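The structure appears below as structure tokens.
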Amino acid sequence: MTMALEDPAEFLHAQGWPFKRQGQELVTGCPFCEPAGGHHLHVHRERGVWRCVKCGETGNLYQLRERLGLGNGRRDEIQPLARALGTKPKRIP
């Protein structure tokens, strides 16, 4: 199982987004189709992947940070880890 590098609940809290827990997911409003509210954005609590059941947008927390203009997330931590594992991190457009 893939684990998120960043705690999804901490990320949502830091953005000031109210969320509710539904099993393994955190549910909040989608910043792309309903920034004023709603509960269509589902974020998996362990893997950190997200999807909006309304507009269909998907990704991981790193991609969400980039799309929101919040910086590169934990790129400084990911690159050394990838080098140590002998891989290259995927480039996200």
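Any read-out appearing in this document is the output of simple, stated calculations on the displayed coordinates, not a laboratory observation. The structure displayed is predicted, hence computed values, not measured ones. Neighbour counts are summed over all protein chains in view; Cβ atoms, including those assigned to glycine, are modelled from backbone coordinates with ideal geometry.
Along the Cα→Cβ direction, 7 angstrom out, place labels at L70 and E10. What is the inter-label distance in nm?
Calculated label separation equals 1.2 nm.
Compute for segment 11-62: radius of gyration divided by Kirkwood radius, i.e. Rg/Rh, restricted to C-alpha atoms, rounded to two decimals.
Reported Rg/Rh, Kirkwood definition of Rh: 0.91.
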